[in-house]
Each structure stands twice: as C-alpha cells, then as structure tokens.
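> If you scroll down you'll find the structure; I have some questions about it.
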Amino acid sequence: MSIATNLEAVESTLCQAIDKVGRKRSNVTLIAVTKAVSNEATKEIYDLGIRHLAENRPEGLQEKKTYLPDTDIKWHYIGNLQTRKVKQVINEIDYFHALDRISLAKEIEKRAEHTINCFLEVNVTGEESKHGINPSEIEAFIDSLQDYSKIKIIGLMTMAPIDADEATIHKAFSTLYQLKEMIQAKGISYAPCTELSMGMSNDYQIAAEEGATFVRVGTALFKD
C-alpha cells in the first residue's frame with residue numbers, strides 16, 4: 001500500500017467518525033507522526049498536503065526540518081522531553097504536546113524565545129507506566145503557571161491504554177474532554193484550553209468522536 005492510499009483511508013475513517021457525531025472535518029487537525037519515518041516518506045506526506053508533522057527526538061526534528069521546506073509546516077513535539085534537551089527543541093516547534101511537570105515548565109520559560117503552545121499531558125487512567133499529571137492536579141498546576149509568560153496552555157493531551165477495549169477508550173477520551181471544558185470555562189488568559197490532543201493510529205476515530213481537535217497518526221499513514 002502507498003502513503004497516498006493510506007492517507008485516503010485515514011481521511012475516510014476520520015470523516016466517518018466526525019460525521020457520526022455531527023462535527024466538522026475542519027475542526028480536527030491530522031498530525032502525521034514522522035518519528036520513525038524516512039525523510040523521503042515524510043516529504044511524500046508533505047507533498048500530499050499534510051502540513052502538521054510530529055517528532056519525538058531532537059535529532060529527528062532537526063533532520064526533518066533541514067530536509068523539508070521551512071515555509072508552511074507546523075512542527076509538533078510529542079512524547080516525553082527531558083529537561084536537559086529543552087534548549088535543542090523548544091524554539092524549533094509550534095506545538096508541544098507533553099507538558100507534565102513544573103521543572104519542565106521552568107526550563108521552557110528559561111529557554112523559549114517566544115510563547116509556546118503547550119498541551120498539558122494528563123494521565124486520565126492512572127497507569128503507572130504513563131507520563132502525565134493526575135486529573136485532580138490540573139487546576140493547581142495551571143495556577144502555578146500564572147507568571148510563565150512563555151507558556152500558553154492551549155489544551156489537554158492524553159493517551160488511551162494500549163489494547164484497551166473501545167468502551168475504555170471512549171471513557172478515557174470523554175474524561176479528558178470534560179476536564180478541558182472545566183478549564184476552558186474559567187476563561188484563563190494564559191490557559192484558554194480550547195484544544196484536545198488525543199488519538200493515535202489505533203484509536204483516532206474514537207478520539208474524533210469524543211471531541212479531539214488534534215489526532216496524531218503515524219503507523220496508519222506509513223504502513224506498507
């Protein structure tokens with residue numbers, strides 16, 4: 001299968017999920033996760049019209065940015081970011097999807113040259129193996145960012161349990177949506193929290209049904 005065929009299938013599935021719940025396709029941004037993908041394959045997805053790309057390693061980000069046009073791509077950094085690597089990444093991206101601790105926020109504030117659009121990573125299922133803050137800590141965490149002028153909490157991010165059944169995935173994503181609505185209702189200038197980053201190759205359609213505004217898809221786009 002070609003990348004073009006894969007993209008067509010992903011778009012079809014995404015549109016069906018969105019239509020099912022009465023949403024608009026324009027309200028969901030498809031992010032192509034290129035972290036394990038060649039430069040050539042990344043250029044192909046770019047040539048097919050995808051402008052939101054995601055990496056999870058500083059080296060991969062720099063390599064792709066050097067190889068691809070630098071005019072219209074929106075770069076996302078996903079996955080855990082070590083504090084010591086913030087300086088390599090933070091001024092090279094448009095969105096950061098994994099803010100999960102105050103030490104990381106402090107380093108971003110120190111290194112960023114402009115305001116960074118951040119998603120607060122939330123561990124909605126309480127899995128010990130996952131990064132992310134506890135839902136009960138969201139409000140206090142956001143309050144602690146009041147004086148961080150370089151950080152803007154545009155939304156929340158989570159990942160559903162691997163191999164979970166559909167009901168469990170729906171519940172996880174629904175919970176994040178409710179948390180997002182709670183924070184958004186507060187009208188905090190530095191944390192508008194209008195966005196939801198959730199859903200990967202195995203569950204992006206469920207995420208779209210539950211209100212995701214960004215879905216992060218890699219394997220489904222680049223599989224053979």
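The values are calculated or read from the model by the stated rules, or taken from the named source; none is laboratory data. Note that the structure is predicted; figures quoted are calculated from it, not measured. Only protein heavy atoms, including side chains, enter the accessible area calculation; ligands, DNA and RNA are left aside. Shrake-Rupley method; radii C 1.70, N 1.55, O 1.52, S 1.80 Å.
> Could you give each residue of region 7-22 its phi-based ³J(HN,Hα) in whole Hz, using Karplus coefficients 6.51, -1.76, 1.60 with θ = phi - 60°, and x for Gly or Pro?
Working through the residues one at a time gives 4, 4, 5, 5, 4, 4, 5, 5, 5, 4, 5, 5, 4, 4, 10, x Hz.
> From the helices alone, meaning DSSP H stretches of at least four residues, give me the mean residue ellipticity at 222 nm for the chain, per-run term -39500 (n - 2.57), in deg cm²/dmol to the nearest 500.
Numbers: 9 runs with 86 residues, N = 224.
Rounded to the nearest 500, it is -11000 deg cm²/dmol.
> Probe of 1.4 angstrom, ligands and nucleic acids ignored: what's the accessible area per residue over the chain, in square angstrom? List each step's numbers first, then the result.
Values: 10520 Å² over 224 residues.
On a per-residue basis, 47 Å².
> In whole percent, how big is the carbon plus sulfur part of the accessible area of the chain, probe 1.4 Å, protein atoms only?
Details: 4750 of 10520 Å².
Within the chain, the accessible surface is 45 percent carbon and sulfur.
> How much of the DSSP beta bridge set in the chain is antiparallel, as a percent to the nearest 5? Write out the running numbers ahead of the final one.
Values: 1 of 27 bridges.
Bridges in the chain are about 5 percent antiparallel.
> Three principal axis extents, largest first, for the C-alpha atoms of the chain, in Å?
Largest to smallest, the principal-axis extents are 48, 41, 31 Å.
> Please state the Cα pair-distance histogram of region 90-146 with 5 angstrom bins from zero: what percent is in each bin?
4, 18, 28, 25, 15, 9, 2
> In sequence order, what are the phi-derived ³J(HN,Hα) couplings for region 207-224 according to the Karplus relation 6.51 cos²θ - 1.76 cosθ + 1.60 with θ = phi - 60°, rounded to whole Hz, with x for glycine and proline?
Per residue, the Karplus-derived 3J(HN,Hα) values read 4, 5, 5, 9, x, 4, 9, 9, 10, 10, 10, x, 3, 5, 8, 10, 5, 6 Hz.
> Using the eigenvalues of the Cα gyration tensor, what equivalent ellipsoid semi-axes result for region 1-130 when each is taken as the square root of five times the eigenvalue, whole Å, largest first? Don't skip to the end; give the middle numbers.
Details: eigenvalues 143, 83, 36 Å².
The answer is 27, 20, 13 Å, longest axis first.
> Can you list, bin by bin at 5 Å, the percent of alpha carbon pairs in region 1-65, starting at 0?
All Cα pairs considered, the percentages come to 4, 16, 25, 21, 16, 11, 6, 2, 0.
> Sticking with this structure for a sec: I'd like to know how region 127-224 sits against the 2.2 N^0.38 Å rule of thumb: what's its Cα Rg over that expected value?
Details: Rg = 14.4 Å, N = 98, 2.2 N^0.38 = 12.6 Å.
Taking the Cα Rg and dividing by 2.2 N^0.38 Å, one obtains 1.15.
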